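The values are calculated or read from the model by the stated rules, or taken from the named source; none is laboratory data. All figures in this text were calculated on a predicted structure; none of them were measured in a lab. When we count neighbours, we look across all protein chains shown, and the Cβ atoms used for this are built from the backbone with ideal geometry, even at glycine.
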Amino acid sequence: MTQVFEAGMGSTEDAPEIIGLFLSNGRFKCNEDACARKTFGRAAELRRHITTTHAADKPQFWCHVPSCTRSANIKKKPFSREDKLASHIRNMHED
């Protein structure tokens with residue numbers, strides 16, 4: 001059995017936005033066509049996915065190293081999550 005998962009599940013919103021499905025295997029599935037096979041183990045992961053992937057005003061985190069392709073100077077592709085930027089800096093720029 002599959003159930004609709006709403007953005008404000010558990011809240012008192014009048015017309016909550018449907019953002020995904022709660023699957024019978026206990027996982028959460030994104031409701032966007034482009035994410036047909038993407039599932040998440042927790043509701044918070046689905047919400048984070050919606051915010052960082054599908055939101056019109058997605059957050060952008062740029063690397064502070066000017067020569068990096070992920071920096072604001074080059075503007076190739078920012079990180080959509082601050083923790084991913086921190087991991088990038090740790091793995092790519094720290095000695």
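Yes/no per residue for (1) hydrophobic (A, V, I, L, M, F, W, C); (2) touching a helix residue (DSSP H, G or I) at 6+ places or on another chain (Cβ under 9 Å); (3) modelled with pLDDT of 95 or more; (4) surrounded by fewer than 16 Cβ atoms within 10 Å (Cβ to Cβ):
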| residue | (1), (2), (3), (4) |
| --- | --- |
| 18 | yes, no, no, yes |
| 28 | yes, yes, no, no |
| 49 | no, yes, no, no |
| 90 | no, no, yes, yes |
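Using beta carbons and a limit of 6 Å, which pairs, at least six apart or on different chains, have the first residue in the range 71-92 and over 25 Å from residue 45 (Cβ atoms) and the second one in a strand (DSSP E or B) and modelled with pLDDT of 95 or more?
71/63
How many residues does the range 54-76 contain that are of a type in the set (S, T, N, Q), surrounded by fewer than 15 Cβ atoms within 10 Å (Cβ to Cβ) and outside any loop (DSSP other than H, G, I, E, B)?
Qualifying residue count, the range 54-76: 0.
When you check residue 21 against the structure, is it among the aliphatic types (A, V, I, L, M), in contact (Cβ under 8 Å) with a residue 12 or more places away in the chain and part of a helix (DSSP H, G or I), yes or no? Walk me through it before giving the result.
Details: among the aliphatic types (A, V, I, L, M): yes; in contact (Cβ under 8 Å) with a residue 12 or more places away in the chain: yes; part of a helix (DSSP H, G or I): no.
So residue 21 fails the test.
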